[in-house]
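First comes the structure, then the notes that go with it.
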Amino acid sequence: MKTAVFIATSLDGFIARPDDSIDWLMRPQYLIEGEDYGYADFMSSITCLMMGRRTFDVVRQFDSWPYVDKRLIVISKSVAAVPSDFQYRAESFVGSPSALLQQLEADGEQGVYIDGGQLIQSCLQADLIDELTVTRLPLLLGAGLSLFGDLGVELAFEHRHTQSYQSGLVQSRYRRLRNPD
Ligand SMILES: NC(=O)c1ccc[n+]([C@@H]2O[C@H](COP(=O)([O-])OP(=O)(O)OC[C@H]3O[C@@H](n4cnc5c(N)ncnc54)[C@H](OP(=O)(O)O)[C@@H]3O)[C@@H](O)[C@H]2O)c1
């Protein structure tokens, strides 16, 4: 089972402003008709999502539900994270990411999309992520929620691909290198 991250950041590495807003991702100059920046291909490579409870709190406010036909599990340390009106769309899991991944593997899932800054950081600290795709936007936010923060661990990756888009976005894909020698 593959675990993967697919996320957009500012040039200074933030995934949201300090108040959680992500309006800067939706600027008209980045929204090119017919260009999804590889999102559909990526989604076809995964079978379910493991999402941090704070990211779920943002996406459940979206006008349209973006995860049709995908199993979505919201992870939390303490609370049942999915309100009753969303329980037909998402499952709650209270526990560690490694325990959830073991369960997903046993369920026969093939690929897991890991989303949410804190969740990605704790998965990296436990070395649970196989693939990282980071799309950088050409702006400095100056402050916000950092994608990587101070992880406190060193992890090597193999660069697989970088693509630049006319809109100025630059996307790089990395594969975790667990045996660099
Ligand atoms: N730029 C992008 O592409 C992008 C993508 C995704 C999200 N975002 C933005 O990022 C922000 C949310 O990210 P975030 O970093 O604040 O939070 P997050 O990772 O989405 O969610 C954090 C919460 O997830 C749960 N969690 C995280 N690690 C856990 C672990 N090891 N074990 C169990 N539960 C764990 C905890 O829930 P409890 O507190 O319930 O215990 C924690 O408070 C939002 O502003 C969102 O819009 C941006």
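Note on the stretch 131-144: among residues that are surrounded by 14 or more Cβ atoms within 10 Å (Cβ to Cβ) and of a type outside the set (Val, Ile, Thr), the one that is nearest to the chain's Cα centre (by Cα) is Leu132. Checking Glu105, Glu91, Glu33, Glu109 one by one, the residue that is of a type in the set (Asp, Glu), open to solvent by less than 50 Å² (accessible area, probe 1.4 Å) and more than 10 Å from the ligand (Cβ to nearest atom) is Glu109 and no other. Scanning the stretch 79-125 for residues that are at pLDDT 95 or above, among the hydroxyl-bearing types (Ser, Thr, Tyr) and in a helix (DSSP H, G or I) turns up Ser98, Ser122. Closer than 18 Å to Asp20 by Cα and within 11 Å of the ligand (Cβ to nearest atom): does that describe Thr55? Criteria met by Thr55. Being under 19 Å from the mean Cα position of the chain (by Cα) and open to solvent by less than 20 Å² (accessible area, probe 1.4 Å) is a description that does not apply to Leu128.
Scan the stretch 116-125 residue by residue and report those that are within 9 Å of the ligand (Cβ to nearest atom) and either among the aliphatic types (A, V, I, L, M) or open to solvent by 20 Å² or more (accessible area, probe 1.4 Å) (or both). Within the stretch 116-125, Gln118, Leu119, Ile120, Gln121, Ser122, Gln125 meet the criteria. Would you mind finding the one in Leu128, Leu139 that is within 29 Å of Pro28 (Cα to Cα), within 13 Å of the ligand (Cβ to nearest atom) and not in a strand (DSSP E or B)? Answer to the check: Leu139. Please go through the stretch 145-174 and give me each residue that is closer than 30 Å to Ser96 by Cβ, open to solvent by 30 Å² or more (accessible area, probe 1.4 Å) and assigned to a loop (DSSP other than H, G, I, E, B), ordered by number. If the condition is that a residue be closer than 30 Å to Ser96 by Cβ, open to solvent by 30 Å² or more (accessible area, probe 1.4 Å) and assigned to a loop (DSSP other than H, G, I, E, B), then Phe148, Gly149, Asp150, Leu151, Gly152, Val153, Glu154, Leu155, Ala156 are the ones that fit. Val79 falls short on exactly one of the conditions (1) surrounded by 12 or more Cβ atoms within 10 Å (Cβ to Cβ); (2) within 14 Å of the ligand (Cβ to nearest atom); (3) among the hydrophobic types (A, V, I, L, M, F, W, C); (4) within 19 Å of Gly117 (Cβ to Cβ), and that condition is (1).
The values are calculated or read from the model by the stated rules, or taken from the named source; none is laboratory data. Note that the coordinates shown come from a computational prediction; the quantities given were computed from them, not determined experimentally. Here the Cβ is made from the backbone with ideal geometry for all residues, glycine too, and neighbour counts use every protein chain on show. Quick note on the areas: whole protein, heavy atoms, side chains included, nothing else; ligands and nucleic acids left out. Shrake-Rupley method; radii C 1.70, N 1.55, O 1.52, S 1.80 Å.
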